[in-house]
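Everything on this sheet refers to the single structure shown next.
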Amino acid sequence: MQSLGEINRYAKAVYEIADKNKELSILEKDFITLKEVLEKNTELKNFIKNPTYKSNVVEGVIEALSKKLSFSNLFISFLKVVNKNRRFFFIEKIINNFFNLSSQKRGEIQAALRLSHEITDLEKKQISEKLNSTLNKKINISFLVDSSLLVGSVLQIGSTMIDTSAKTKLNKLLNN
């Protein structure tokens, strides 16, 4: 099984190369693009998570994605190295570690807010501003819709979780 340390090393290595070559903003855009594609395409996500595909098959997918999404040469090389080392099925974890590292280097805190319904951009901005001022730090927050929550939200900042969802409250009532 892949250790967390080894996954972190991939993220750290590509971060340091991009930083040294002054390509960090380009690399971050590539990581964001790939993350968004994986979130929207479950077939691709399932393909990537399957470690049984041969390296040349995965490389073909990398090349097709790179061409279609105009990835930078550094990002393409990185993806190919991960594939060559037979670790491509961990790419989502590597992506998350990269974003955590990037935020950490900028002094930001990562947060995720799962909501039972979609909210407006104005509401997202207001929530972000309130968190920034409350915690007196720059919070990099992602907003996700999770219809299984029924009503309410789950806010996770680092290892701290605040769960006000009806789903959790109902589960607590049923299990007591």
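The values are calculated or read from the model by the stated rules, or taken from the named source; none is laboratory data. Only a predicted model underlies this, so the values are computations on that prediction, with no experimental measurement involved. For neighbour counting, all protein chains shown are included, and Cβ atoms are generated from backbone atoms with ideal geometry for every residue, glycine included.
Candidates in region 103-132 are the residues that are polar (S, T, N, Q) and modelled with pLDDT of 90 or more; of these, the one that is farthest from residue 24 (Cα to Cα) is 120.
Scanning region 34-60 for residues that are among the hydroxyl-bearing types (Ser, Thr, Tyr), assigned to a helix (DSSP H, G or I) and either surrounded by 16 or more Cβ atoms within 10 Å (Cβ to Cβ) or free of Cβ contacts under 8 Å to residues at least 24 places away in the same chain (or both) turns up just one, 42. Here residue 99 fits the description: in the same structural domain as residue 27 (by TED's automatic domain parsing), in a helix (DSSP H, G or I), surrounded by 15 or more Cβ atoms within 10 Å (Cβ to Cβ) and modelled with pLDDT under 90.
Residues of region 108-116 include none that is over 30 Å from residue 7 (Cβ atoms) and part of a helix (DSSP H, G or I). Residue 92 - would you say it is outside any strand (DSSP E or B), surrounded by 12 or more Cβ atoms within 10 Å (Cβ to Cβ) and touching a residue at least 40 places away in the same chain (Cβ under 8 Å)? Spelling it out, residue 92 is indeed outside any strand (DSSP E or B), surrounded by 12 or more Cβ atoms within 10 Å (Cβ to Cβ) and touching a residue at least 40 places away in the same chain (Cβ under 8 Å). Checking each residue in region 7-18 for being without any contact (Cβ under 8 Å) to a residue 60 or more places away in the chain and of a type outside the set (A, V, I, L, M, F, W, C) picks out 9, 16.
Just one of the listed residues (108, 28, 63) is without any contact (Cβ under 8 Å) to a residue 60 or more places away in the chain, surrounded by fewer than 17 Cβ atoms within 10 Å (Cβ to Cβ) and of a type in the set (Asp, Glu), and it is 63. Here the condition is being outside the structural domain of residue 158 (by TED's automatic domain parsing) and farther than 20 Å from residue 142 by Cβ; of 36, 92, 63, it holds for 63 alone.
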